[in-house]
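Participant: Okay, here's the structure, questions in a sec.
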Amino acid sequence: MRLDEITIQRIATDTKRAFPNTGRENPPSSIAITRIIYDVYQPTNQIRCEASVMSSGTAYTSIIEFLNVDFVDENDTAAQQGVELIGTNTRTYRIAPMSVTVGDALVSCTCEDFRFRFAFYNFQKRCLYGNLPPQYVRRTQTRPPANPTKSIGMCKHLHAVVNTLRREGKVR
Ligand SMILES: [Zn+2]
């Protein structure tokens, strides 16, 4: 494992350290993951998981891209531990469960918590999926900054996606 790796666990740990009592890591059951699609890039060992999330009547898109996925085939001794998923190209792939503790990952979510609090710092630390959203311009100095320690982070929707992937055995 590389020391500068930014894993899902690292992002989650940093989020909790920066915001200890906000419960993002325990998303409420009212958050529903309605669909996850998988864009699979086998030659580069990447899988992009795009989740449709319903939260308090609002739809969000949460994306996690795993950058160090291990693919296995039936002849592989690791095949028994593998898990299948179907890519958006309709092909079935067998992979070792994607790791939250080893390998880099990129994240993004369309919610305000992610865009205004975390996206910029994730961009700086190279764990943002996609482009930097338009910057939030503070209109007032009377409120505390949204992210005083400039921490990378994940919103409750991204945590909910990780939990769903873990329940399905695609992530561990
Ligand atoms: Zn979110």
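Participant: I want to confirm something. Restricting to segment 148-172 and keeping residues that are buried (at least 18 other Cβ atoms within 10 Å of the Cβ) and in a loop (DSSP other than H, G, I, E, B), which single residue is nearest to the ligand (Cβ to nearest atom)?
Facilitator: Checking each candidate, the answer is C155.
Participant: Hey, can you tell me all the residues within segment 1-24 that are in a loop (DSSP other than H, G, I, E, B) and more than 13 Å from D113 (Cβ to Cβ)?
Facilitator: The answer is M1, R2, L3, D4, E5, I6, T7, P20, N21.
Participant: Please note which strands (runs of 3 or more DSSP E) are completely contained in segment 54-133 and include at least 3 residues that are in contact with a Cys (Cβ under 7 Å, 6 or more places away or on another chain).
Facilitator: 58-66, 105-109
Residues checked against (1) crowded, with 19+ Cβ neighbours inside 10 Å; (2) away from the ligand (no atom under 14 Å from the Cβ); (3) over 25 Å from L132 (Cβ atoms):
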| position | (1), (2), (3) |
| --- | --- |
| N26 | no, yes, yes |
| T44 | no, yes, no |
| V53 | yes, no, no |
| G57 | no, yes, yes |
| E65 | yes, yes, no |
| Y93 | yes, yes, yes |
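No lab work stands behind these numbers, since they all come straight from the coordinates. Keep in mind the model is a prediction, meaning the values are calculated, not measured. Methodologically, a virtual Cβ is constructed for each residue, glycine included, from the backbone with ideal geometry; neighbour enumeration extends over all protein chains shown.
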